[in-house]
Structures are given as C-alpha cells and as structure tokens.
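Single-structure report; data block below.
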Amino acid sequence: MIGTSLPKIDSYAKVTGAAKYADDLTLPRMAHGRILRSPHPHARILRLDIARARAHPGVLDVITAADLPRRYGIMPTTQDEYPFALDTVRYVGEPVAAVVAVDEETAEEALDLIEVVYAPLPTVSTIEEALAREDIRLHDTTKRGNIMKEVHLDFGDVDEGFAQADLVREDTFFFEGTTHAPMEEHSCVADCRPDGKITLWTSTQTPHYVHREVAKVLEIPRSRLRVIVPPVGGGFGGKCEPFAHDFAAALFALRHGRPVKFTLSREEVFYCHRGRHPVKMILKTGVKRDGAITAVHLQTFLDGGAYASYGLATVYYTGALLTVTYKIPRYKFDGMRLYTNKPACGPKRGHGSTQPRYAFECQLDKIAEQLGLDPAAYRKQLAIEPYSTTVNGLRVTSCGLVECVDKVVEASRWRERRGRMPAGTGLGIAISSYVTGAGKAIYWNDMPHSGVIVTIDRGGGVAVLCGSSDIGQGSDTMLAQIVAHELGIALLDIRVYTGDTDLTPVDLGSYSSRVTFMAGNAARAAATKLRALLFEAAAAHLGVPAERLTAADGRIHLADDPATGLAFAEAAQLAEAAHGTLSAVGSYTPPKLGGEFKGAGVGISPAYSYTACVAQVAVDPDTYDLRVEKLWVAHDCGRALNPTLVEGQIEGSAYMGFGEAVLEEQVFRKGLHKIPSLLEYKLPTIYDTPEIVALTVETHDHEGPYGAKEAGEGPLNPIIPAIANAVYDAIRARVDSTPITPDKIARALKERQRPLPAPARPHGAPTPIEVMPL
C-alpha cells in the first residue's frame, strides 16, 4: 500500500454528490440563522434595540453580546475577541447580532428590524497609519499604540557579520494580503438532546479547538458538547478557529432544544477572513565575494486586522523559518504585528513564511546578479546541510534541497535556455522550506499531539478513529493506507472515522502540514500493536514462529510460503479469542526541540520539507500583461505514501502561489472591502493557470511514517518569488511587491530608464545603525 497511487477513499461519495457537507444537513424542526454585521470600520455602539426583530413573526431568538459576554481566541494569551461586538465594532462585517427564525427569509427580514445607533470613530487602515497614529487605539490592552506584538531576536553578532561582508544589500518588499477562497462557505448545524448535550456539526479544520472554545464561551463542561466535522470543502487555514455562527448555533440549540443552521454568504466569508497578512519587509543581507552569507537582518511589519487570531504565532513565523534553507551564521529579526480596522488576518497555506520567503528569494537573485553568479548554482552553494542545526536552534533532519534544485534545473533546461530566450520572456528560480507539523501545541502541555484508535471486528472489518479533519488533502486516505499496509488488507475493508470529539481521540487539527507525520505515526503505532496480536494467534494456530509471518492480500501467511496461512478474518477471530476485543491505541508526541529564548516554540518541527521552483513567464511589450507559461516544482516530501495525492498537493500549492503572485489582493477603501465576491476577487481560472510539472524528491526522513514528510503547504512558497525573478529576467526591471500587475510592470520599466542608485554598500563603508520605527 505504501508508495502506491490510489484514489481517495472519499472520492466516490464526492464525485457522485453523496457526500454531505454541513450545509447539506437537515434535521426535523430545524431553524435558520443569519448574522447582522457592522457597516462601519470603527464605531461605538451607543444603542442596540432588538425588540422589533424579536417580535417579528417567525423569529425564534435574537442573540447579542449580552448573551455571550466572554472573550475568546485561538491563542491562549491573546484572547481579544467576543462572538458579537460588545460595545465597539472594529471592522466592516464584524458580527453584532444573530437572528434565528423558522426560515432564512424570515431571519433576513428580521435583521433589518434591529436598530443600532453607532458613533463612528477614526480608523486605522494601513501599516503606516497603525505606526503613526498612537492617538487611535483599537484595543486598550496594547502597550504601545496599535502594536499587537513586537519581537526582537538576535543570533550572533550581525554587526560583525556586516563588517566582514564584501557586499551588503538592503531592500524593501511588500506582500499584499490575500484570502483563502475555499469552495465551501462556512456552515454549521447545532442541536441539543433532551439531556442537555449539544452536538455541533461545523466546517472546521480544528474540531479540538472549536470544542474547547465553544464550551468555554457557553460556560458548559466540555463533556456536554460534541463537535463533529462533516466533509470540508476546502480550508487552507481559513477554518482553523471558531466563529460567531458556531457560538450562536450552539447557544440557540441549548436554549430551545431544537436544531439550527447557519450558512454564510460568500461576502461573509470574506469578512471572516483570517487570511494572509499584508507584510512590509526590510531585508538586509551581507555576503562575501564568493556569495557566502555573513549576516542577515530582517524586519517585518504585519497588518493584522482588528483582532489577534493566530497573529502571535504569525509574527514569529515571519522570522523563524528564514534560516532553514540556507547557511546563515548570524541572524537578527525584528517583527511587529499591528492592529488595523479590517477583518483579522490569520494562517493561510504557508502560514507566516510565504511573505519573507518571497523577499529573501528575490533579494538573493539581486545579489547573485551583482556577484555574477548563476542563481540556481548559487542556491545550491548556500543550501543548508542535512542533519544540522540552524543559528536560531532549529533542528534539520532530512533535506533534499539540492536534489530539488537539480530536478527543476534539468526539467526546465535552465542552463541551456536562461539568457537565450526571446525578448519579453524569462526564467526565474526560488527555493523554500516548511514545517512538518508544529513542534508545540497551541496550549503547551505534555500530552500527545495526535491519537488514533484501530479496532478489528470478527468479520475482518477494521475501523480507524482519529480526531483530524480531512479538508480535501486526503488525510483520511493516508490513515487508511497506513493501517491497510500494516495489516495486509484492502482499503475497502477499512472505515475511517475522523473529527468527532465524542468518538475519536484528540488530534490537534489540520494545520501546519502536520497530519501525515503526526496522525500517520499514531496510526502506524496502533496498527502495529494489532498486527502483533494477529501474528501471535496465527503462529500458534499454524505451529510456526511469528517472526516468519507476513500480512498481505487479506491473509496472514509464511513470508516464504504464501500457501501456508489463514484468512485475515480467521486470524482476527483467533486473536480475539486469545486477547479479547481487538482494539489498539497509537499516539504521537514530537521530540522536545528548540532553544530557551522567548519565541523558541515557533518554527520548531520534527522535520522540514524542501521545494524548488523554476517559472517561465512572458510579458506583453504593449499591454504589459504578464503570462506565466509553465512552472516546474520539485518537492522533498520525505517519501510519497500516495504519489498521486502528493502530486495533487504540489499542483494545488503551485496554483495558489501563482494566483497570489499575479492576481489576488485583499484590498480596502476607507475600511470597506473593495472586492468581497468571487466575481471581483481575481482567482485564476483553469484558462489562466499555467502548465505545472510536479516532481517529487524522496529523502526518507527517519522520524516520519515510512519516511514521509509534509506536502500540503511547502510547495506554495517558492512559486511567488520564482515568478518575480522570471519577470526580472524577461524585462530587466524589478517589481518588489505583490501581485505583479501590468501597471506595476509599466512603472518598473519606466523607472528602469532613470539612473539607478547604487544598490550596495562599497566594501569598507560604515554600516548604518538600523532602528525599528514606531
């Protein structure tokens, strides 16, 4: 089973329409909920009158902050949000009240009957405003202005490193914010049994954390709440925490003892957001004449929106992972996350590492050009060594970075074609790395990060139970393949049950590319225990040593004599007779990693994946239209447990990175989202998407299940800088912000006609002192 391309086990239900997503669920007497949202980016709520709405025929309840007055948040130390605005709204679209009625139309009518009197307040819309306007504070809890979190880390003497450099380059980059745009809008259904126990079906990536936060806000024991995850139609990080509709649905069900459904519109999904942070980056790098890095200083300024979300981790992530690709002997990182009057930003595929990777890869290309080095060969020269430790204390195990570069260089014919292509066309390269699961849980503790239960029934059927969420990446299939491989049975003999807080052991969720490594190891551990019991019973029955047995094709037999053996179901019955009910638990806890400094828990991972990308682009000389013609992407996934699914993840990541590079932007005007619909938010269609060549590199990580590492997020990160570097190769002008649009290309070409300032500090010149501005 391992290393074999197989269809996803849920693919049949999905392609036939049999899969039941949250919005497909219908229960008897089910009510429907709608949410009233703020029309102001920043305002005091002077009066909230719900009397007319509550009296409207067909309305069953109206829920406000008075009903749910407890703060919540996904991070335990930065909980600054209420399900519904308490006395102040901080972005257009913030939930103010919820109406539950007999149908959606009635609930929508009642929203118009809620009277809200607002007193508008001055707004903070940009990074620059958030830094400058200390007189406008979104939250009273901040120590300085609108700075949600400030980070300053030093590893080695960077001033000494810059003094030793023959070339010091400093550049400023800006990465525009983007959103996830999953196919499925957020949706949930809640019901309450006569005994007072609530069941919440919700489209989420993190049932464990939703379970924790909803129970806390409702002030009920967690044992009285059950969270079930139906099939999820995409998440990409946007469904990693609870939202107002989850709290409102659970509260209504508890109050009235009848079910209710909330399904958001596409515009509301844009307001929920939690997407990619806009980030301004100032990057300074010193190198020797041969290109060896002497020091790096990175400053990041994150536009975090109105609330914390995952921002505490995000600001650390913008600095933590920069060191995992290249040999960097000295490193300084200064980061700030700022509050602004916009929907909260959070994790999006490549959480926090995508923006600085874009900046660093673009700057390395500039350095390579100044030193007369080939960009591909230069990256191989700098590549970090396998089984090494970075300057900031991150442990690197397997590393196929050099092999990834070699694969894309060969496949794209980089050496033969670069510099010899027609005018207006170019090639660019970039590399990246990413975590294979976070080494620390959001709530720090010593408990496992993932658990799996495997049971065998008397007919040979196998059930696999895990708390993870399959959000389309194929994690349920991965669990089934591992158990099938260990027990020697077919996938159709296995049933996988995931994302149910009553029935499944805790898994922390589908984020940080953690499920294959962590849940996979747990599944293998559980299945291995059961295999030992089966082999013991079969060996006693056959009169042979258990060490001579193997399991394959639904039988347990002698490895050197397949005819001598018995059926899997018969072995299960013998084992149950000898040992009782056949059930085993496996769990996974990451090794203790990282340093002792504050923030050392972010960026640590049991393994890192590596990716390289070559992009081919063409720029129209008349319209400045950018066309990405082809992407070659090589990804070190450790081992491809299911090669087709790995290739699908590489292609999906490349598609998403391509969209962020040339089209997507989450932009606002006076606090109002300019494009909150899929008609106007420019996602690439299949007609826009370039040919993608997905290449896998296998390094067999010794801690991953069968050597596997992540494949769901890492392949995105090099796509954007590879395209940016290819644009420069095509037009010899730099665009140092995303997305790379025709108007930016036109401006860059216009700027190219002017005399350029010296981009580097001459050898021996004094290094200016860097000061973080406020």
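The values are calculated or read from the model by the stated rules, or taken from the named source; none is laboratory data. What you see is a predicted model; the values in this text were computed from it and never measured. Counting neighbours? That spans all protein chains shown, and the Cβs are built from the backbone with ideal geometry, glycine included. Side chains included, ligands, DNA and RNA excluded: accessible areas come from the protein's heavy atoms. Shrake-Rupley method; radii C 1.70, N 1.55, O 1.52, S 1.80 Å.
Before moving on, here are some points about what is shown:
- Filter result (buried (at least 16 other Cβ atoms within 10 Å of the Cβ) and either modelled with pLDDT of 95 or more or in contact with a Pro (Cβ under 8 Å, 6 or more places away or on another chain) (or both)) within region 590-599: 590, 593
- Cβ separations smaller than 6 Å between residues 6+ apart or across chains give the following pairs from region 1-22 residues that are over 20 Å from residue 185 (Cβ atoms) to residues that are hydroxyl-bearing (Ser, Thr, Tyr): 2/706; 5/644; 8/477; 9/477.
- Scanning region 663-698 for residues that are within 17 Å of residue 740 (Cα to Cα), among the hydroxyl-bearing types (Ser, Thr, Tyr) and in contact (Cβ under 8 Å) with a residue 60 or more places away in the chain yields a single hit, 681.
- Members of region 223-253 found to be in contact (Cβ under 8 Å) with a residue 40 or more places away in the chain and of a type in the set (D, E, K, R), listed by number: 226, 239, 241, 246
- Summed over region 38-54, residues that are closer than 11 Å to residue 99 by Cα and either among the acidic types (Asp, Glu) or open to solvent by 20 Å² or more (accessible area, probe 1.4 Å) (or both) total 2.
- Of the residues making up region 459-498, those that are of a type in the set (A, V, I, L, M) and more than 24 Å from the chain's Cα centre (by Cα) are 462, 463, 464, 483, 484, 487, 489, 490, 491, 492, 494.
- Test: residue in region 469-477 that is touching a strand residue (DSSP E or B) at 6+ places or on another chain (Cβ under 6 Å) and farther than 20 Å from residue 232 by Cβ: no
- Screening 682, 630 for residues that are over 19 Å from residue 437 (Cβ atoms), open to solvent by 30 Å² or more (accessible area, probe 1.4 Å) and part of a loop (DSSP other than H, G, I, E, B) leaves exactly one candidate, 682.
- Here the condition is being open to solvent by 30 Å² or more (accessible area, probe 1.4 Å), more than 25 Å from residue 80 (Cα to Cα), of a type outside the set (A, V, I, L, M) and in the same structural domain as residue 84 (by TED's automatic domain parsing); of 216, 261, 197, it holds for 197 alone.
- Among the numbered conditions (1) without any contact (Cβ under 8 Å) to a residue 12 or more places away in the chain; (2) open to solvent by less than 50 Å² (accessible area, probe 1.4 Å), the only one that residue 558 does not meet is (1).
- Only residues that are crowded, with 18+ Cβ neighbours inside 10 Å and out of contact with any strand residue (DSSP E or B) (no Cβ under 6 Å at 6 or more places or on another chain) were counted across region 82-93, and they come to 4.
- Candidates 76, 57, 69: the one that is assigned by TED's automatic domain parsing to the domain that holds residue 229, over 23 Å from residue 137 (Cα atoms) and open to solvent by 50 Å² or more (accessible area, probe 1.4 Å) is 57.
- Filter result (on the phi < 0 side of the Ramachandran plot, open to solvent by less than 10 Å² (accessible area, probe 1.4 Å) and under 22 Å from the mean Cα position of the chain (by Cα)) within region 279-309: 279, 281, 300, 301, 302, 303, 304, 306, 307, 308
- Restricted to helices (runs of 4 or more DSSP H) entirely inside region 385-498, those with at least 1 residues that are outside the structural domain of residue 710 (by TED's automatic domain parsing) are 475-487.
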